[in-house]
1. Find all pairs meeting these conditions: Cβ atoms under 7 angstrom apart; at least six residues apart or on different chains; first residue within segment A:135-150 and more than 7 Å from chain B (Cβ to nearest Cβ); second residue surrounded by fewer than 20 Cβ atoms within 10 Å (Cβ to Cβ) and of a type outside the set (Phe, Trp, Tyr).
2. A:Ser12 versus (1) more than 19 Å from A:Phe172 (Cα to Cα); (2) among the hydroxyl-bearing types (Ser, Thr, Tyr); (3) surrounded by 12 or more Cβ atoms within 10 Å (Cβ to Cβ): which is the lone unmet condition?
3. Hey, A:Gly112 hits all of (1) within 20 Å of A:Lys216 (Cα to Cα); (2) at pLDDT below 95; (3) touching an Asp or Glu at 6+ places or on another chain (Cβ under 6 Å) but one; which does it fall short on?
4. Search segment B:68-91 for residues that are small (Gly, Ala, Ser) and pair each with any residue that is in a strand (DSSP E or B) when their beta-carbon atoms are under 6 Å apart and the residues are at least 6 apart or on different chains.
5. Does segment B:55-72 hold any residues that are outside any strand (DSSP E or B) and either within 14 Å of chain A (Cβ to nearest Cβ) or in contact with a helix residue (DSSP H, G or I) (Cβ under 8 Å, 6 or more places away or on another chain) (or both), and which are they?
6. Take A:Gly79 and tell me if it is farther than 30 Å from B:Gly94 by Cα, more than 17 Å from the chain's Cα centre (by Cα) and crowded, with 20+ Cβ neighbours inside 10 Å.
7. Looking for something surrounded by fewer than 17 Cβ atoms within 10 Å (Cβ to Cβ) and in a helix (DSSP H, G or I) - is there at least one such residue anywhere in segment A:223-231?
8. Output the number of residues of segment B:108-132 satisfying the condition of being open to solvent by 40 Å² or more (accessible area, probe 1.4 Å) and either touching a Lys or Arg at 6+ places or on another chain (Cβ under 6 Å) or modelled with pLDDT under 90 (or both).
Amino acid sequence: MPETATHPLTNSLELLGRSTVKLIEEAGYYSALLAESLFWILVGPFIKRPVRIPSIFSQMMTMGIAACPIVFVLSFSIGVMLAIQMIYNLKTFGAESQVVVGVALSVTREFGPLITGILIAGRTGSSLAAKIGTMQVNQEIDALRVMGINPVRYLVAPSLFAMMIMLPVLTFFSDMAALLGGAVYTSIEIGLSFDAYADRTLSALAVVDVMQGIFKSLIFALIITLVGVSNGFSVTGGAEGVGKATTRSVVLSISYIVIADMIFTYFLNL
Amino acid sequence: MTNNNSAAIEVVDLVTHYGPREILHGINLTINEGEIMIIMGGSGSGKSTLLRYLLGLGVPTSGSINLLGKDITKISNTEMHQLRQNMGVAFQGGALLSSMSIGENVQLPLREHTRLDEKTMEIMARMKLEVVNLGGFEKLMPAELSGGMIKRAAVARAIVMDPKLMFFDEPSAGLDPVVSAELDELILNLRDAMKMTIVVVTHELESAFKIADRITVLDQGNILMTDTVENIKNSDNERIQSLLNRRPSNEEVKADEYLNRLTGM
C-alpha cells in the first residue's frame with residue numbers, strides 16, 4: 001500500500017482546524033453552563049428547586065473573605081510599585097506630585113481588577129477545578145445525578161453567584177489597598193500627607209473609573225467560574241486527570257482574563 | 001424470594017455506543033418486582049455500561065428502558081426527577097460527598113426532596129445508619145471510615161427515601177470475606193424487609209450465588225443467559241462455564257507459542 005504523503009502545510013491546517021473546533025466546543029459548553037446556572041438561580045425558586053443560600057454564603061466566605069489577606073498584600077505591593085515607577089519617571093519632568101493621578105487611574109481602571117482576577121483564578125479557579133474533578137473521579141457527580149440533584153444547580157450555580165458578588169467586592173478592596181500602598185510610598189518619598197493624597201485621589205477619580213474596574217471584574221468572575229467548573233467536569237483518568245485539569249484551568253483562566261482585559265480596555269476607552 | 005412476576009425494570013433492544021464503538025448490542029432484560037437480579041460478566045462485558053443506562057446516566061442509541069412503568073429514554077426531566085426519588089444506588093467506591101459528614105450525606109436526599117424539619121431528618125438518617133450497623137457514626141467524615149463502612153454508609157444514603165429500586169455496583173469489591181458476607185445479608189434484608197427490587201452488578205461468584213434470585217450473564221455486550229442460579233450453574237454454554245470456573249476460554253497455550261506471541265515471532 002502506498003504511503004500517504006502529508007504536506008507540512010496540510011498538517012498545520014488540520015491542527016488549526018481541530019483547535020478551532022475545540023475552542024468553539026468549549027465556548028459552547030461555557031455558554032450552556034452559564035445558561036443552566038442562570039436558569040437555576042432565577043427560575044429555581046419558582047419550581048421549588050432553589051440554589052441553596054447557605055451554600056452561596058459558604059462559597060462567598062471561601063472565595064472572598066478568606067482571600068482578603070493575600071489580595072491586600074499583593075494590591076498594596078502593586079500600589080507601592082506603581083508609585084516607585086511613576087515618581088521615577090515623573091522626576092524627569094519635575095512632576096512627581098502628579099503620581100497621585102497616575103496611581104489612582106492605573107489602579108482603579110486596570111491593576112485592581114487584573115491583579116485580583118489573576119489571583120482568584122489561581123486560588124479559587126484551580127480549587128473549583130480540583131474539587132469538581134475529584135468528585136467526578138469518585139463518582140460523586142453521578143451520585144448527585146441519581147439522587148435527583150442537578151450538579152449544575154448544586155455545584156456550579158452557588159459558585160457562580162458567590163463569585164459574581166465577591167470578585168467585584170475584592171476588586172474594590174484591592175483598589176483601596178493599592179491606593180494605600182501608593183499613599184504610603186508617596187508620603188515617604190515626596191512627603192505628601194495622607195489627607196492631601198486622599199483629596200487629590202478623589203478629585204482625580206470619576207465614578208466611571210472605578211466602575212470600569214468593577215465591570216471588568218464581573219467578566220473575570222464569569223471566566224474564572226466557568227473555566228474552573230468545566231475543566232472539573234471534563235476530568236478523566238483519576239488523580240493525574242485532576243492535576244491536569246487544575247493546571248489547565250489556571251492557565252486558561254489567566255489567559256482569557258488578560259485577553260478579555262485587553263479587549264474591554266480598548267472598547268471602554270474609545 | 002418475594003417475586004410477584006410484575007416487571008419493575010424492562011429493557012428492550014438496548015443499543016449503546018461509546019464514540020464510534022458499539023458497546024451493548026440489543027439487550028433485552030426483564031427484572032421482576034421484589035427480585036434480586038445479578039448482572040455478571042467479565043471485564044469489558046458491558047455490565048457497568050448497562051448499569052449506567054439503567055440509572056439514566058446516558059442516552060442510548062436505540063431501545064427503551066422502562067423503570068416502574070416509565071420509559072426513561074422518553075420521559076421529561078420533571079418525571080425523571082420524580083422517578084429518581086424511587087431509585088437508590090450504592091456505587092462501587094461509595095461516592096459519599098467528601099465535604100460532608102456521614103450523617104449529612106445520608107440526609108442529603110431528604111434535604112433535596114422533602115420539606116422535613118432538621119430534627120426529623122436527623123432521626124431518619126440515624127435510623128437508616130442503624131439499619132446498616134453504623135449507628136453513632138453520623139458525625140464522622142467519609143475519610144475516617146473503612147472501605148466496608150463507606151459502602152454501608154452509601155447504602156444508608158441510598159435507602160433513606162425508601163426507594164422501590166435499588167442498584168449496587170460491585171458491592172463486594174475490595175472487601176474482606178466477612179464484611180462482604182455482611183453486605184450480602186444486608187442486600188437480602190432489603191429485599192425481604194423493604195420489598196425492594198434489587199439489581200447487583202458484580203463478578204464475585206460466591207456473593208452472586210448467595211443472594212441472587214436470577215442471574216444475567218453478559219459477554220461482549222450481549223446477554224448470554226438470564227436464569228436461576230441452578231440453571232446458570234448447570235448451563236452447558238462454554239463462555240458461562242469459563243466465567244464460573246474462572247478459567248480462560250481459549251485452548252491451552254504451549255510455552256513456546258506463548259513466548260512467540262510475546263516476542264512477536
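The values are calculated or read from the model by the stated rules, or taken from the named source; none is laboratory data. On a predicted model such as this, the values are computed, not experimentally measured, just so you know. Don't worry about glycine lacking a Cβ; one is built from the backbone with ideal geometry, like all the others, and counts go over all protein chains shown. These area figures cover heavy atoms from the full protein model, side chains too; ligands, DNA and RNA do not enter into them. Shrake-Rupley method; radii C 1.70, N 1.55, O 1.52, S 1.80 Å.
1. These pairs meet every condition: A:Val137/A:Gly238; A:Val137/A:Gly241.
2. Going through (1) more than 19 Å from A:Phe172 (Cα to Cα); (2) among the hydroxyl-bearing types (Ser, Thr, Tyr); (3) surrounded by 12 or more Cβ atoms within 10 Å (Cβ to Cβ) one by one, A:Ser12 breaks only (3).
3. (2)
4. Final answer for the pair search is B:Gly88/B:Met166; B:Ala90/B:Phe168.
5. Those that are outside any strand (DSSP E or B) and either within 14 Å of chain A (Cβ to nearest Cβ) or in contact with a helix residue (DSSP H, G or I) (Cβ under 8 Å, 6 or more places away or on another chain) (or both): B:Leu55, B:Gly56, B:Leu57, B:Gly58, B:Val59, B:Pro60, B:Leu68, B:Ile72.
6. Numbers: farther than 30 Å from B:Gly94 by Cα: yes; more than 17 Å from the chain's Cα centre (by Cα): yes; crowded, with 20+ Cβ neighbours inside 10 Å: yes.
Taking the combined requirement at face value, the residue satisfies it.
7. Scanning segment A:223-231 turns up no residue that is surrounded by fewer than 17 Cβ atoms within 10 Å (Cβ to Cβ) and in a helix (DSSP H, G or I).
8. The number of residues fulfilling the criteria is 1.
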